[in-house]
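Quick notes on the structure that follows.
The values are calculated or read from the model by the stated rules, or taken from the named source; none is laboratory data. Everything numeric in this text was worked out from a predicted model, so none of it was measured. Reconstructed Cβ throughout: ideal geometry from the backbone, glycine too, with neighbour counts over all protein chains shown. Side chains included, ligands, DNA and RNA excluded: accessible areas come from the protein's heavy atoms. Shrake-Rupley method; radii C 1.70, N 1.55, O 1.52, S 1.80 Å.
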Amino acid sequence: METSDFPSLWRGFTEELEARNRVLQAELAAAWEQLDSLLGRHSEKIARAEGVRPPEGSLESIRELATTRAAPYLSDPLQALKRIHPQERALRALETFQTGLEDLLGLLPQTLTVPRGELAAELCRDGRPLRRLALRLGRKPRVLQPRPVLRQALWAHSARRVEPDGDLLLLLARASLALLIPWQLLRNDTLRAMAGNPSDPRTLDKARAEWLEMVGSIRRDAARALEAQGDRCRRLRGELEAALLAGERRLADRRLGRAMNRWQRCFRYWAGRQRAILAQLELEASSRSLLEGSVGVSEDAVRSVDEEHALLLGELDKVGRWLSGWREGETESPFPPPGAHLVSSADRASDWKRRLEAAGRGALPASIESVDLGRPLPGRRPRSRSVPAEARFTRSLAGTGRELALAGFGEAEEGHRAIIQQIERAREVAAYSLEAGREEGGSEEGRQVVRDGISNALKLLEHQRKSTRDHHPVIGRKLAEALSGVFFQFHIRMEESRLGLFRHLARQKSRQALRAGALTVMERVGSGSDWLGDHLALANQYVLAKLGWAPPSTIAVQPVSRRPYLGEVLHLKAGPRELPAIYRRLFRLAPLEDTRFLVGRETEMAAAAEARQRWEEGRAVAILVAGARGSGKTSFLNCARAGVFGDLPLSSGQFGERITTAPAMRSFLSALLAIEDAELESRLKSERRLVILEEVERTFIRRIGGFEGLRALLDLISTTCRNTLWILSLNESALGYLRQVVGMEEYFSHRINAMAVSPRHLKSAILQRHNLSGLRLHFAQPPPEESRRGRIGKLLGLRREPEQNYFDSLYRQSEGIFRSAFELWQESVDRVEGGVLYMRHPVEPSYEGIISRLTLEDSFILQAILQHGGLTPGEIARVFDYSERRSDSCIEKLISWEIIEPDPSNPGFRVCPEAGRLVRQALYRQNLL
């Protein structure tokens, strides 16, 4: 047990403790005062700032945001905050004070004997007379344990003081993050505007006013927190005196441990929040730097597109100079070879995304801790969580960012691909016209074809040069929009967990879109209701008239009735059209010899190759090619003969005059094959050869005894098809009839349907020929919709391009028959001006006026013409037992209606190509097809 001078010991301890307490209060006050000064200056700057946005939709605007506008809003406040580091200073002061208490307690003895008078004089200075009197009345000195008692008291004081300390530290954290809010408001508003979703300027002004009000509230709360912290420190001496007087009665290890644990848990919480705030500040600085770097990456991508654009234009000019030199007779060199390499939009967008991802990995942390600004002290469960910054940036980049970048690069690729396509098209036009000129043997027609081709190719390139636009602004806007959307989404996702203001700003545009969508729907519903009401009124009038409850509408009688002509129904021009020589050559109706014009026959050609393979194996093989006249049967056979069957001995021919007897058929085959009649079967069985016969529909006539020639041919095919590969072609109407009469299809192992032509193949066949002309295409806009379908489509906003409308109508009218489509295409040409081919808009024809005037006799005659491929007046007389005069009369009637015409290659009359659809509809209604 020690004895010493208690008054001097106690005074020295309390004076040192109060000094350290004053240092703590001064440090806390200084930390706040520096931050408050910074916050005040920043508030004044924000209050004076003008809410002017930079120009939208450019990379330079984003750079300006990340540099010039970020300096006063972000860079300057962050640098000033790093210099004063208020939270770190406050935490260091608290930690220094708390750790210094143990050193201070080391000055006190473990036990101490103190006379009661001295104890009363030192510990009862607070004006408590009863306590002083009780101490003086005692006789024995007091034995004290100052070190353990005061340790417990000091830790208890620290545990109670965490509330004002926590309030002050929370305000420091809120004030530090409040410095970022003006920049976040400006950045998000600007990025959203650049992304195409501008907000109401009043929203930003309101948010700024709310921020200024929040700053004022923080400053008032901080003043109160400092005052509360000072009051708690001033009560420290009284708490220590009371604890020392109570002595060992208050000592308990559990109390000490609980107080120490509470203070240490709170300090860890405060330190963790400080680290999270520092990470948040670093994230803002890093994201700003990443935004600036992303502009550089995007500008590199734009420069790459510009370089490709310049190379393509140089190649286009080079080809144009070659064509100009050829036209002027100055060019002897070959056509310039292709030199530019086109990079796809997908590759460019992927490279842009990959470079930004790499920049994000280098600039952004993998994850940061979220900041809890809702409470000063830790709760039972931790509310902080890890936020993956890098992953969220990558996710934002992979979504809207890549999509918008792909759209921007896609426009450039489309323009560049158009340049390459036009160069290649000019190359093909020039090559085709020169080839055609050589085939014509130097005739005037051939020279004109060459002149037309070279001139059209040059006009094509000149038009492309004039119409080519610089894609630099477009890509710049798209990439700026992409970057704005990426960074806006990234920051919203990072901040929405702690700031409701940003969620409110992010959802404003969604609400505007919903309102606009609702207005659009109401407009559509209103116009649809008007249309539906009109038609319901008409339907009601019709029903009432049928029931007899209302008088019928008066029908006006036509003063003049005129029979329609097919050309008028199809809206075709009367008389010849002046088409360029190269165009007439490209769309001439002769069968194909050039395989490059054979479109959509891959499946049929594979079937022919498979048939030959089976025939080579010794099997009985014969091929039947069926299709309407002009469907491409001869063209297919010509290309197959040059390809699949190119190395076989060939005998080919077609039936011109009608053959109806067996002797006539054998005579025809003997002449065709150069074989004596007596040796016909034996030679065909012993020699391997290919025999192609076309126009087989001319081997019969529809009357008793008119099929003998065809039967003789089929019998010969049946007995010789293991050594002789027979290929026959006829139209599908004849095949349908002969299937029932002679079992035509049973004699053939393969049947190829030449009518299997899709709309895509028909369009490709036409445009392939057209592109070689060097002319540009212009389709007329459709007239105002008059049909119910057109009005419904307009009501629903479903409109189709004029080109697609034209080809859909062309396919329906031609029924997929190439020759009919080519003739209708040429009939639809309105004019050729300045290297442009102008096409009239096809109006869906109504055949009702013609079909209703066709008699049953007309239908039978048309059916017979289709089945026979064509008939002369004498053959019609034989089929129907008509007189020559009656047959001529029926023929002239159908000619005057423009339904049939003289066959240009065979005797007799055929159905006009453009009338094929009308005839089939008429026969179908009569159950004749």
Legend entry - Net lengthening on full extension, Arg385/Asp306 (0.36 nm per residue, minus Cα-Cα): 23.9 nm
Inset, instruction - Can you pull the one-decimal nm distance between simple spin-label points at Leu104 and Ala780, each 7 Å off the Cα toward Cβ? - result: 10.1 nm
Legend entry - 5 angstrom amide H check on Arg776, placed H, neighbours 5+ away: Val836, Leu837
Inset, instruction - Just subtract the alpha-carbon distance of Glu163 and Ser846 from 0.36 nm times their residue separation and send over the number in nm, one decimal. - result: 236.9 nm
Legend entry - Modelled FRET efficiency - R0 25 Å, Arg83 with Asn261, Cβ distances, 0.05 increments: 0.10
Legend entry - Relative contact order (percent, whole number), region 819-929, Cα cutoff 8 Å, 6+ residue spacing: 27 percent
Inset, instruction - Could you tell me what percent of the accessible area of region 847-926 is made up of carbon and sulfur, with a 1.4 Å probe and every protein chain present? - result: 50 percent
Inset, instruction - Arrange the residues Lys685, Lys633, Lys466, Lys763 by how much accessible surface each exposes, largest first, with a 1.4 angstrom probe. - result: Lys466, Lys685, Lys763, Lys633
Inset, instruction - State, to one decimal in nm, how far the label point of Ser37 lies from the label point of Asp76, with both points 7 Å from Cα in the Cβ direction. - result: 1.6 nm
Legend entry - Separation in nanometres of the label points that stand 7 Å from Cα toward Cβ, at Leu313 and Arg224: 6.8 nm
Inset, instruction - Would you check the accessible area of Val911, probe 1.4 Å, heavy atoms only, in square angstrom rounded to 10? - result: 20 Å²
Legend entry - Sorted peptide list for 226-239, 699-712, criterion being average Cβ within 10 angstrom, highest first: 699-712, 226-239
Inset, instruction - Please give the net charge around Asp351, taking every other residue with its beta carbon less than 12 angstrom from that of Asp351, where Lys and Arg add +1 and Asp and Glu add -1. - result: +2
Legend entry - Extension reserve of the Val143-Ser883 stretch, reckoned as 0.36 nm per residue once the Cα distance is removed: 251.0 nm
Legend entry - List Phe409, Phe779, ordered by accessible area with a 1.4 Å probe, largest first: Phe779, Phe409
Inset, instruction - Quick one: pull the percent of accessible area on region 419-486 belonging to carbon and sulfur, 1.4 Å probe, ligands and nucleic acids left out. - result: 47 percent
Inset, instruction - Could you rank Tyr806, Tyr924 by how accessible they are, 1.4 Å probe, largest area first? - result: Tyr924, Tyr806
Inset, instruction - Give the calculated FRET efficiency between Arg417 and Leu929 to the nearest 0.05, with a Förster radius of 51 Å applied to their Cβ-Cβ distance. - result: 0.65
Inset, instruction - Using only the C-alpha atoms of region 6-249, find the volume of their convex hull and express it per residue in Å³. - result: 137 Å³
Legend entry - region 398-493, accessible area per residue, ligands and nucleic acids excluded (1.4 Å, Å²): 42 Å²
Legend entry - Highest to lowest packing among 863-873, 66-76, scored as the average C-beta count within 10 Å: 863-873, 66-76
Inset, instruction - Could you do me a favour and compute the accessible area per residue for region 601-754, 1.4 Å probe, result in Å²? - result: 40 Å²
Legend entry - Rounded to whole Hz, the Karplus (6.51, -1.76, 1.60) HN-Hα couplings of region 914-929, x for glycine and proline: 6, 9, x, 5, 4, 5, 5, 5, 5, 5, 5, 5, 8, 6, 9, 9
Legend entry - In Å², nearest 10: area of Ser8 left accessible to a 1.4 Å probe: 60 Å²
Legend entry - Accessible area per residue, Å², region 6-249 with all protein chains present, probe 1.4 Å: 44 Å²
Inset, instruction - May I ask you to derive the FRET efficiency for His535 and Glu892 from their Cβ-Cβ distance with R0 = 35 Å, giving the value to the nearest 0.05? - result: 0.20
Inset, instruction - On the protein heavy atoms, probe 1.4 angstrom, tell me the percent of accessible surface of region 601-754 carried by carbon and sulfur. - result: 47 percent
